[in-house]
Amino acid sequence: MTIKLWDWDKSWKCVQVFEGHSHYVMGLAINPKDTNTFASACLDRTVKVWNLGSGNSNFTLEAHETKGVNHVDYYPQSDKPYLLTTSDDRTVKIWDYTTKALIATLEGHTSNVSFACYHPELPVIISGSEDGTVKIWHANTYRLEQSLSYGLERAWCVAYQRGKQGVAMGFDDGAVVVKMGREEPAVSMDGSGKIIWARHSEILTSVIKGGAAEKSEIKDGQPISLPSKDLGSTEIYPQTLIHSPNGRFVAVCGDGEYIIYTALALRNQAFGSALDFAWAGKEHDRDYAIRESQYSVKIFRNFKPKAGDGSVNVGYTAEGLAGGVLLGVKGQGGIGFFDWETGKLVRRIEVEPKNVYWSESGELVCLACEDTYYVLRYSREQYLAAVQAGTEEDDGVEEAFEVVCDINESVRTGQWVGDCFVYTNSTNRLNYLVGDQTYTVSHFDQPYYVLGYLTRDGRVYVCDKDVQVSSFALSLSVIEYQTLVLRGDLDAANEMLEDIPEEQKNKIARFLEGQGHKELALEVATDDEHKFELALGLGELGVALEMARKGDVEHKWKVVGDAALAAWDLGLAEECFEHANDLGSLFLLYSASADAEGLRSLAGKAKEAGVHNVVFTCLWQVGDVEGCLGVLVETGRFAEAVLFAQTYVPSRCRGLVGKWKDGLERGGRGKVGRGLGMPPDEGEEGDAEMFPEWDEYMKLEKEGGGEPDLIDVGDGEGEEANDGGEVEEGEEAEEEMDNVPEAGARASAKATQAEEEPDPEADASAE
C-alpha cells in the first residue's frame with residue numbers, strides 16, 4: 001500500500017515514503033517528459049500521479065470501475081500527454097493526464113490484462129493477458145493490428161530498451177523477445193545533398209554543403225557533423241520517405257496513407273489512402289503510382305489520376321510497387337513492369353525482388369532478391385518495335401530485357417552511379433559492381449544504408465539507423481574507366497588515364513590485372529610492391545630488378561634471382577643471389593657452371609655465416625681435401641675427420657685419431673677411445689697389426705693417387721691423352737684406392753662395438 005524511494009548512493013537508504021493507496025501497488029511508471037513525476041497503479045482501482053519532492057499525490061485517476069489496475073505506462077513521445085492502464089476487467093484504457101479524460105478503451109482480451117506498454121520507437125501499443133495472448137494495437141487509431149500466441153500460458157510482464165526495436169515478454173512457461181518494425185530509417189537524399197528524414201512523426205532536414213567533402217579532415221568512414229532543422233510533423237507515422245526524381249517533392253507513406261509535401265517547406269500537395277507508393281523516372285518526374293489494395297493500382301500525373309481514374313490493369317494480385325523508368329508491380333511469384341504512359345505490361349519476370357533500382361539512363365535495372373541480385377539491360381527500342389509489330393505475348397516482350405549478370409549477395413540498399421551499382425549488403429560491406437565484377441570499398445561493424453552519390457564531391461554517402469552520416473571516396477572517372485575497359489574500348493580508356501587522380505591509379509592497376517591486362521597494369525601501377533609482382537609475372541626482369549634495388553629486401557632479390565635463373569640469365573641470377581645472401585642457390589649456380597673461383601668465394605662467405613655444410617660442400621667440389629678436413633676438425637667432427645683422412649690423406653690420420661681419443665676421454669667414454677686403433681707413422685708403429693696395408697696407403701698418397709680431380713678443368717688435348725696405357729694405370733690406381741677404406745672400416749667397426757659396451761671406469765667416474 002506504500003511506495004518507498006531508496007538512494008543507492010547512500011547505501012540504499014530509504015529517503016522517502018509515498019502513502020495514499022488502499023490496496024496493493026502493482027506497478028510504477030516514470031514520466032519521460034518530466035522525470036520528477038511518476039504514476040502508480042493499484043488494486044484499489046486508481047492511478048495516482050506523484051512528485052518526488054512530495055509525499056502526497058498530485059491527483060488520483062479513477063481508472064477502472066470494477067477491477068484493480070495492474071499496469072501503467074506513459075506515452076514516450078512529446079506530442080501527446082497520455083498514459084495507459086490495464087485491469088482485470090479485460091481492458092486497456094488510454095488517458096489524457098492533463099485533463100483526466102478517457103481517450104480510448106481497447107477491448108479484445110478474454111481474461112485479466114497483465115500489462116500494456118507503448119513501443120519506444122513504433123506507433124504501437126503492446127498488451128499481454130492471462131488468456132495467453134499478446135495483442136498489438138495501433139497507437140494512433142487504436143485499431144487491433146495483430147494478435148500473437150506463443151503457447152506459454154499466461155503473460156505477466158514486459159520490458160523494452162529505448163532506442164531499440166526489441167521487446168521482451170514473460171509468461172508462465174518462458175520468455176519471448178520479439179523485434180518489431182525495421183531498423184532501416186525513413187530517410188532520403190536528393191541530388192544536391194539535401195537530406196530529409198523522419199524521427200517518429202517529426203520531419204527533419206539537413207544539407208551536405210558543396211565542397212565539404214574536399215576538406216582534409218573528412219576521411220573515409222568518418223562521421224560527418226550536420227546541423228539539422230525541424231521542418232514540422234506529419235499526420236501519419238512515416239514508414240517510407242522518398243524524394244521525387246526532380247527533388248522538389250517528398251512523399252511520406254505509412255499507416256495505409258500517403259502524403260506528398262514540398263521538399264523545402266513541407267507544404268501538403270496531395271494525400272490519400274495507399275498501401276504502397278512509387279515515383280516514376282526523370283522523364284515523368286510528376287508521375288507517381290499508388291497501391292490502394294491487392295486489386296487496385298493507380299497512376300497519377302500532376303497529383304491527378306491519369307486517363308480516367310488512372311487504374312492499371314495488372315492482371316494478378318498486387319503485393320507491392322517499385323518505381324523508376326517502368327512501374328514495377330510485385331505479386332504471384334514475380335514482378336511485372338508496366339509502361340507509365342500506356343499502363344501496358346512491358347515484361348513480367350519470374351523473380352521476387354525486395355527492391356528495384358534503376359540507373360539514370362534507364363538502360364540498367366537491378367532486381368534485389370533475398371539472396372541474389374540480378375542486373376538486367378532494358379531496351380525501349382525492342383519493346384516499341386514489338387508493340388508496332390504486334391508480337392506482344394501474355395508476359396510482355398521477352399526481348400525488352402537482357403540479363404547482364406547475377407550475383408549471390410543480399411543487397412540492403414543501393415544506387416546507380418552511371419553504369420556502376422553501389423550498394424551495402426547483408427554482411428555490412430560497401431561494394432560496387434562494374435560489369436559483372438564486384439569490388440569492396442569498405443567494411444562496417446553495423447548495418448549502413450546508401451543515401452546517394454554526389455558527383456561534385458566524388459563521394460558516396462551512407463548513414464546508420466540513427467541517420468549518422470559518413471562518406472567514402474569513389475572517383476567517377478575511375479568508374480567510367482572501368483566501364484570502358486569492360487566494354488573492350490581500351491583506346492578510349494587510355495585517353496581517360498590523364499583524368500584519373502594519381503592516388504587512384506594503383507586501384508586501376510589492380511582492376512586491369514583482374515581483367516587480364518597485366519601489361520597495361522604495369523604501366524599504370526604506382527605501388528612498388530604491385531609493380532614488382534606484375535613485372536615478375538610478365539617476365540620483365542629489368543623492372544623487377546629496379547624494384548628489388550629500390551626496396552632492397554632479401555626476399556625480392558631471391559625471387560628475381562629465381563626468375564633470372566629460369567630465364568638463363570646467370571649473371572643477373574648471381575647478382576640477385578649475392579644480395580639475397582642465398583648460399584644454397586649460389587652453390588647450385590657455381591657447381592652447375594663449374595666455377596671453381598666462385599665456389600671458393602662462396603666457401604668464405606659460408607664460413608663467415610657459420611654454414612659449415614656449405615663450406616665443406618664447396619671445398620669438396622673444388623677438390624680441396626685439406627680444406628674439407630679443416631672444416632671437420634674446426635667443427636669438432638673428429639670421427640668423420642678420421643674416416644675422411646684415412647681415405648684421402650692417411651698421413652693425417654694418427655694426429656686426428658689422437659684428438660678423437662682425447663675427445664672421447666673428456667666425454668667420459670674412455671673405453672670407447674681405448675678401443676680405437678692408432679695407425680702407424682714414421683718412427684711410430686702404433687697398432688700396425690690393425691692396418692696391414694698402411695704402407696701402401698702412404699705410398700699412394702705420396703704418389704698423388706689419393707687426391708681426386710673433382711672439377712674437370714683440363715683442355716681437349718689432355719682428354720685425348722687419356723686414351724691408352726695411362727687409363728689402365730689410372731684404373732689400377734682406382735682399384736688400389738678402393739681397398740683404402742677397408743682398414744678404416746675394420747677400425748670403425750671395432751670402435752662401434754666398443755661404444756655399445758659399457759665403460760666401467762667411466763661409470764665409476766660418473767658415480
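Laboratory data are not the source of any read-out in this text; all were calculated from the coordinates shown. Since this is a predicted model, take the numbers as computed values, not measurements. Reconstructed Cβ throughout: ideal geometry from the backbone, glycine too, with neighbour counts over all protein chains shown.
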Using alpha-carbon positions, what is the distance between the centroids of segment 122-144 and segment 55-97, in Å? 15
Among the Cα-Cα pairs of the chain, the proportion with separation greater than 36 Å, in percent, is 67
Largest-first principal axis extents, alpha carbons of segment 589-683, Å: 47, 29, 18
Can you give the angle from 0 to 90° between the axis of helix 740-756 and the longest principal axis of the chain, with both taken from C-alpha atoms, to the nearest 10? 60
Please report, in debye to the nearest 20, how large the charge dipole of segment 490-580 is about its Cα centre when each Lys and Arg carries +1 at its beta carbon and each Asp and Glu carries -1 there. 240
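Once Rh for segment 2-179 is found with the Kirkwood sum over Cα pairs, what is the Stokes-Einstein diffusion coefficient at 10 °C and 1.306 mPa s, in µm²/s? Please list the in-between numbers first.
Working: Rh = 16.7 Å.
Taking Rh from Cα pairs, D becomes 95 µm²/s.
For segment 502-639, what is Rg from Cα atoms divided by 2.2 N^0.38 Å, rounded to two decimals?
Numbers: Rg = 19.8 Å, N = 138, 2.2 N^0.38 = 14.3 Å.
Dividing the Cα radius of gyration by 2.2 N^0.38 Å gives 1.38.
For Val15 and Ser361, compute 0.36 nm times the residue count separating them, minus their Cα-Cα distance, and round to one decimal in nm.
Details: separation 346, 0.36 × 346 = 124.56 nm, distance 7.01 nm.
117.5 nm is the gain from fully extending Val15 to Ser361.
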Pop a pseudo-label 7 angstrom from the Cα along the beta-carbon direction at both Ser192 and Thr105 and give the gap in nm to one decimal. 5.4
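Using only DSSP helix segments of four residues or longer, with each worth -39500 (n - 2.57), what per-residue ellipticity at 222 nm results for the chain after dividing by its residue count and rounding to 500? Intermediate values should be presented prior to the final figure.
Working: 21 runs with 219 residues, N = 767.
Mean residue ellipticity, 222 nm, calculated: -8500 deg cm²/dmol.
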Give me the one-decimal nm value for the distance between modelled label points at Asp285 and Thr342, 7 Å along each residue's Cα-to-Cβ direction. 2.7
Segments 177-187, 407-417, 63-73 sorted - mean Cβ within 10 Å per residue, highest first: 63-73, 407-417, 177-187
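By counting other Cβ atoms within 10 Å of each Cβ, how are Cys369, Cys653, Cys405 ranked from fewest to most?
On the way: Cys369 16, Cys653 29, Cys405 13.
Ascending number of Cβ neighbours within 10 Å: Cys405, Cys369, Cys653.
Suppose every Lys and Arg Cβ carries +1 and every Asp and Glu Cβ carries -1, with no other charges. What dipole size does segment 48-144 come out with about its Cα centre, to the nearest 20 debye? Spell out each step's value before the answer.
On the way: 8 positive and 11 negative charges, 27 e Å.
Roughly 120 debye, rounded to the nearest 20.
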Segment 1-59 - convex hull of alpha carbons, volume per residue in Å³: 84
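Find the eigenvalues of the gyration tensor of the Cα atoms of segment 170-284, then list the square roots of 5 times those eigenvalues as equivalent ellipsoid semi-axes, largest first, in whole angstrom. Walk me through the numbers on the way to the answer.
Numbers: eigenvalues 166, 110, 33 Å².
Semi-axis lengths for segment 170-284 are 29, 23, 13 Å.
Just list whichever of Lys10/Lys48; Lys135/Lys298; Lys4/Lys80; Lys164/Lys306; Lys219/Lys556; Lys659/Lys702 have alpha carbons separated by over 31 Å in the model shown. Please list the in-between numbers first.
Values: Lys10/Lys48 27 Å; Lys135/Lys298 33 Å; Lys4/Lys80 29 Å; Lys164/Lys306 42 Å; Lys219/Lys556 33 Å; Lys659/Lys702 24 Å.
Violating the 31 Å Cα-Cα cut-off are Lys135/Lys298; Lys164/Lys306; Lys219/Lys556.
To two decimal places, what compactness ratio does segment 438-563 give when its Cα radius of gyration is scaled by 2.2 N^0.38 Å?
On the way: Rg = 18.1 Å, N = 126, 2.2 N^0.38 = 13.8 Å.
Here the Cα radius of gyration is 1.31 times the empirical estimate.
Which of the peptides 112-121, 31-40 is most tightly packed, and how do the rest follow, judged by the mean count of other Cβ atoms within 10 Å per residue? Mind dumping the intermediate values first?
Values: 112-121: 22.3, 31-40: 15.6.
Ranked by mean Cβ neighbours within 10 Å, highest first: 112-121, 31-40.
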Under 24 Å Cα to Cα from Lys304, which lysines show up? Leave out anything in the same chain fewer than 8 places away. Lys282, Lys330, Lys344
How large is the Kirkwood hydrodynamic radius of segment 490-580, in angstrom, based on all distinct alpha carbon pairs? 13.8
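How large is the Kirkwood hydrodynamic radius of segment 313-421, in angstrom, based on all distinct alpha carbon pairs? Write down the numbers at each step before the final one.
On the way: mean 1/r = 0.0711 Å⁻¹.
One decimal place: 14.1 Å for the Kirkwood radius.
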